[in-house]
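What follows is one structure encoded as structure tokens, with my remarks underneath.
The values are calculated or read from the model by the stated rules, or taken from the named source; none is laboratory data. Quick caveat: nothing in here was measured; it's all calculated off a predicted structure. Note that we place each Cβ from the backbone using ideal geometry, even for glycine, and neighbour counts take in every protein chain shown. Calculation scope for accessible area: heavy atoms of the full protein, side chains included, ligands and nucleic acids excluded. Shrake-Rupley method; radii C 1.70, N 1.55, O 1.52, S 1.80 Å.
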Amino acid sequence: NSMVEIIDIHNDERGYIKAVKNLLKDNREFSFLEVKEGFARGGCFHTEDEWFVVIEGKIKVILGDKESIFSKGESGKLPKLTPHAFFGLQDSIVSEWGIKTEEKEKDKKDKALRELVDNANKLKRSN
């Protein structure tokens, strides 16, 4: 058996973000995101492709100008340079992988999509 290090990245009312360190080659990140019902995460884009799978729950994924619903066990690709965000339709856990940690730390934001994410979170907080 080998141990991996799981790092707490962030935790707030939207849920947690955790990363598994040194799991994938070339310092590629493998992370778990909790997206609680009514909240949203993302509004960013990266210079490399990224993939995701819904571990639990149901989310709406905005990918560029397209919206799709993903449920437990369903997965998709987040193409490079395409803004993306996850909206919790139920309490959900999503795993993402494929980009390097340095890329994730730069986390370029798409202004219009980030505004949608922020507005969804403000609405949920006010209820």
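List of remarks:
- In segment 71-105, the residues that are without any contact (Cβ under 8 Å) to a residue 24 or more places away in the chain and open to solvent by 40 Å² or more (accessible area, probe 1.4 Å): Lys72, Gly73, Glu74, Glu105
- Candidate set: segment 12-48, residues that are on the phi > 0 side of the Ramachandran plot and touching a residue at least 24 places away in the same chain (Cβ under 8 Å); chosen: the one farthest from the chain's Cα centre (by Cα): Asp26
- Boolean, Ile9 is surrounded by fewer than 18 Cβ atoms within 10 Å (Cβ to Cβ), assigned to a strand (DSSP E or B) and under 13 Å from the mean Cα position of the chain (by Cα): yes
- When residues of segment 12-26 are limited to those that are open to solvent by 50 Å² or more (accessible area, probe 1.4 Å) and outside any strand (DSSP E or B), the one nearest to Gln90 (Cα to Cα): Glu13
- Residue satisfying all of: in segment 32-49; hydrophobic (A, V, I, L, M, F, W, C) and open to solvent by 30 Å² or more (accessible area, probe 1.4 Å); nearest to Glu105 (Cα to Cα) among these: Phe45
- Where Asn27 falls short, out of the listed (1) at pLDDT 90 or above; (2) farther than 22 Å from Ala112 by Cα: (1)
- In the set (1) surrounded by 18 or more Cβ atoms within 10 Å (Cβ to Cβ); (2) farther than 27 Å from Ser2 by Cβ, Phe52 fails one condition alone, (2).
- Selection status of Glu29, open to solvent by 40 Å² or more (accessible area, probe 1.4 Å), among the charged types (D, E, K, R), in a strand (DSSP E or B) and under 30 Å from Met3 (Cβ atoms): no
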